[in-house]
Amino acid sequence: MLNPGPHAPTPGRGSSVAQRSDAPARAGFLRRASAAALRTPSRTRQFPGSRWTACASACDTTRVAAAEVANEDVRSPSVRAGALSFALQGVDVKHLPLLARCLTGPVLRHVLEGGRSAFLAEAFRITRADEKLGGDATLLTAAQAIFELVSRRYRSDYVYRTAIANKIFLGRHSPATTALLSELRVWRCKADLVMLNGTSTAYEIKTELDNFDRLAAQIAAYSRMFDRIFVVTYEDQVKHLQSCLPDFVGIITLSEAFTLRVRRDAASNAHNVHVPTVLDALRRGELVELTRRICGAVPSVSGVQLVGECTRLLLAQNCPRKVHDEMVVLLKKRRTFSRQDFDHVPRELVPAYLDSGIASRDWPRLTAILANTTVKEALHQ
């Protein structure tokens, strides 16, 4: 149960009268949106490197109402989700962080396991999103509408992760040959996203909501482990970062139109990796396998001594580039997917699916639950 805090709705908000108090205004908005759609040519923006198009015009809600959920392409925001994102515009700005947290792995895991999420239900009640979305909206269109909203009004870390996951991981690479890890521990820091294919690329995200106090320490840590490093940020920070970041660190910006642009490319850094930092980031089994791959054999010692002996042997080799390259091979094994695994994953939820801990074989079942469970059903189960 969430702690509603000082801005929680009053107890009377749950009455039928309160729930319908904005119904005439909402209906009027939808009628105006439908009329605007008939007058306005449909405009879409295509995200480079992916098939995801987002509605950028008012929506023909009459046509949407007749659409069957089963016929929707879950990889793209439905037209109805675009309309619902307009309906959510009235959400108080102080509640946007709460809605953004609905797009997370734990929420999806609870939905898969029990058909609902207590956090999601409480967040909808506190923000009154359930009233604005309407009880017949599905959880899928609700999630897509929330993403559309936060991508415009609350560009959190998740919005940036979604752009990287769709435009770079799925857009430029193949999940069969590339792994995407999040929150990978590097010394006393955690890299936001790490992409592993023929090499390693770390992405440190700095949004409009972040401060940059720890950036220097984070870059110093990543430079001891990864080949290429990018800071992904917003346009206003480019000049500042160009002047203060080391020359080998790249800069990528996410525009208001949801486009990623490389403002400065990253240079290779693999020859400078710090072997103790790499070894510290590996799991015990990965450390043993790295020793076998580089040294040819694993020391025959007790389990208590094994980690220390493997570390000693690897440090004695003095081959940072080789350690880096073998590290990439080992870390890629932490997550293996095929392109088909993402065929039924809504693009707005790719990071949440990846971080949910749900096996990819269960992703289609999760998407089906989201697409066929209404907000009303999720709140009252």
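The values are calculated or read from the model by the stated rules, or taken from the named source; none is laboratory data. Treat the numbers as computed from the prediction; the structure is a model and nothing was measured. Positions of Cβ are backbone-derived with ideal geometry, glycine not excepted, and every protein chain shown enters the neighbour counts.
Let's see how each residue does on (1) farther than 30 Å from ALA202 by Cβ; (2) crowded, with 21+ Cβ neighbours inside 10 Å; (3) out of contact with any Leu (no Cβ under 6 Å at 6 or more places or on another chain):
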site	(1), (2), (3)
LEU103	no, yes, yes
GLU113	yes, no, yes
ALA118	yes, no, yes
ALA129	yes, yes, yes
GLY135	yes, no, yes
ASP157	no, no, yes
ARG161	no, yes, yes
GLY171	no, no, yes
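Among the numbered conditions (1) touching a residue at least 40 places away in the same chain (Cβ under 8 Å); (2) outside the structural domain of ASP280 (by TED's automatic domain parsing); (3) surrounded by fewer than 22 Cβ atoms within 10 Å (Cβ to Cβ), the only one that PRO351 does not meet is (3).
For first residues located in the range 200-221 and modelled with pLDDT under 95, partners that are of a type in the set (A, V, I, L, M) and lie 6+ apart or on another chain with Cβ distances below 8 Å do not occur.
Just one of the listed residues (ASP236, ASP280) is of a type in the set (Asp, Glu) and closer than 30 Å to VAL159 by Cβ, namely ASP236. Going through (1) out of contact with any Gly (no Cβ under 8 Å at 6 or more places or on another chain); (2) surrounded by fewer than 12 Cβ atoms within 10 Å (Cβ to Cβ) one by one, ASN272 falls short only on (2).
The single residue among PHE124, PHE147 that is touching a Pro at 6+ places or on another chain (Cβ under 9 Å), surrounded by 23 or more Cβ atoms within 10 Å (Cβ to Cβ) and assigned to a helix (DSSP H, G or I) turns out to be PHE147. Among the residues of the range 337-378, the ones that are part of a helix (DSSP H, G or I), of a type in the set (S, T, N, Q) and farther than 20 Å from ALA165 by Cα come to 1 in all. Just one of the numbered conditions (1) at pLDDT below 90; (2) loosely packed, with under 13 Cβ neighbours inside 10 Å is not true of VAL93: (1).
Taken as a whole, the condition of being surrounded by fewer than 19 Cβ atoms within 10 Å (Cβ to Cβ) and over 34 Å from the mean Cα position of the chain (by Cα) does not apply to SER360. Of everything in the range 226-276 that is of a type in the set (Val, Ile, Thr) and assigned to a loop (DSSP other than H, G, I, E, B), the residue that is nearest to the chain's Cα centre (by Cα) is THR259. Within the range 207-225, being out of contact with any helix residue (DSSP H, G or I) (no Cβ under 7 Å at 6 or more places or on another chain) and either of a type in the set (S, T, N, Q) or not in a helix (DSSP H, G or I) (or both) holds for GLU208, LEU209, ASP210, ASN211, PHE212, ASP213, ARG214, GLN218. Considering only residues that are aliphatic (A, V, I, L, M) and part of a helix (DSSP H, G or I), look in the range 127-144 and name the one that is nearest to ALA257 (Cα to Cα). This residue is ALA143. Modelled with pLDDT of 95 or more and surrounded by 17 or more Cβ atoms within 10 Å (Cβ to Cβ) - does that describe any residue in the range 333-340? Yes, some residue in the range 333-340 is modelled with pLDDT of 95 or more and surrounded by 17 or more Cβ atoms within 10 Å (Cβ to Cβ). Selection of the range 165-191 for residues being of a type in the set (S, T, N, Q) and part of a strand (DSSP E or B) yields only SER182. For the range 280-304, residues that are at pLDDT below 95 and part of a helix (DSSP H, G or I) total 2. Got at least one residue in the range 309-325 being of a type in the set (A, V, I, L, M, F, W, C), assigned by TED's automatic domain parsing to the domain that holds ARG292 and not in a helix (DSSP H, G or I)? Within the range 309-325, one or more residues are of a type in the set (A, V, I, L, M, F, W, C), assigned by TED's automatic domain parsing to the domain that holds ARG292 and not in a helix (DSSP H, G or I). Scanning the range 359-374 for residues that are more than 15 Å from GLY105 (Cβ to Cβ) and not hydrophobic (A, V, I, L, M, F, W, C) gives ARG361, PRO364, ARG365, ASN372, THR373, THR374.
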